[in-house]
Amino acid sequence: MYRFLETILIKNHSFQNIAYHNQRANNTCQFFFKKKLVQDISEVISIPPELENKETYRCRIIYTDIIEKVEFIPYLQKPINSIQIVYNDDIEYSFKFEDRSALNAMKIRSTADDILIVKNNYITDTSIANILLRKDGRWYTPRRPLLHGTERQRLLDLNFIIEKNISIDSINEYDSFCLINALRPFSNNHILSCKNIIF
């Protein structure tokens, strides 16, 4: 049986973007098991009282058709200063599987902090994040990511980013990039020059 993963940011003793995590987990369960996982994750998982005064934690949920394991782990954000282009036309990660071996295997030969995966000549995601690229002051995100991330969807709903097919050949049209995921919300502190993309 497939096992899936949700990782939720906990800040100020509160689940962040919980509606988006509920939606993704329930859509996943509906697709594979023809049922919802839960109505609301925050109603069935309690944040331990001892985390109340901690700034940032991550809640890691492993599930199949039921929640199998819940962990609360201190979160220290790893700095990402460079990403390296890798090509893989066969990679699939349209659901947030617990098994990330295919993604991790592509990182082995990279000397950068993360990799940027190109599939069928189009930019998708890095191994841990969706990517945004800036051109003429606007932020764009690949129309065909490997995974539809929760922070990506939040920014789409806010009309802050625009979906676009971004070919590897057009990447020089963009001046900056930013990596986002559930634990790494959009921040000006995360914006890097496209010169930090290694070909």
Practice task
Report relative contact order for the chain in percent, whole number only (criteria: Cα-Cα under 8 Å, sequence separation at least 6).
Solution key: 20 percent
Fill in the blank from the handout: Honestly the range 1-113 on the Cα gyration tensor test (a ≥ b ≥ c root eigenvalues; a/c under 1.5 rounded, otherwise a/b vs b/c for prolate or oblate) is just oblate
Problem - Projected label distance in nm at Asn121 and Gln23, using a 7 Å step from Cα toward the beta-carbon - result: 3.2 nm
Handout entry: Mean residue ellipticity (222 nm) of the chain, computed from DSSP H runs ≥ 4 via -39,500 (n - 2.57), nearest 500
Key = -5000 deg cm²/dmol
Exercise for the section: First compute the accessible area of the range 1-156 with a 1.4 Å probe, then give the percent of it belonging to carbon and sulfur atoms. Expected result: 46 percent
Handout entry: Principal-axis tilt of helix 18-33 within the chain, Cα atoms, nearest 10 degrees
Key = 90 degrees
Fill in the blank from the handout: On the formula 1/(1 + (r/R0)^6), with r taken between the Cβ atoms of Ile108 and Phe199 and R0 of 22 Å, the FRET efficiency rounded to 0.05 is 0.75
Exercise for the section: State, to one decimal in nm, how far the label point of Met1 lies from the label point of Gln77, with both points 7 Å from Cα in the Cβ direction. Expected result: 3.6 nm
Practice task
Could you work out which residue, out of Asp90, Asp175, Asp157, moves most in a Gaussian network model of the chain, that is, has the largest mean-square fluctuation with Cα springs under 10 Å?
Solution key: Asp90
Handout entry: Unsatisfied cross-links (Cα-Cα over 24 Å) in the set Lys78/Lys164; Lys119/Lys195; Lys69/Lys96; Lys11/Lys69; Lys35/Lys78
Key = Lys78/Lys164; Lys35/Lys78
Practice task
Could you tell me, in Å, what Rg and Dmax come out for the Cα atoms of the range 120-199?
Solution key: 11.4, 32
Practice task
Give, as ranges by residue number, the residues of the range 1-26 whose backbone N falls under 15 Å from the point 7 Å along Cα→Cβ of Asp99.
Solution key: 1-5
Problem - Surface accessible to a 1.4 Å probe, Arg60 within the full protein complex, Å² - result: 60 Å²
Handout entry: For the range 1-55, alpha-carbon Rg relative to the globular expectation (2.2 N^0.38 Å, N residues)
Key = 1.26
Fill in the blank from the handout: Each label sits 7 Å from Cα toward the beta-carbon; between Glu50 and Thr64 the label points are separated, in nm, by 3.0 nm
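The values are calculated or read from the model by the stated rules, or taken from the named source; none is laboratory data. Everything numeric in this text was worked out from a predicted model, so none of it was measured. Cβ: placed from backbone, ideal geometry, glycine included. Neighbour counts: every protein chain shown. Please note that ligands, DNA and RNA were not included when accessible areas were found on the heavy atoms of the full protein model with its side chains. Shrake-Rupley method; radii C 1.70, N 1.55, O 1.52, S 1.80 Å.
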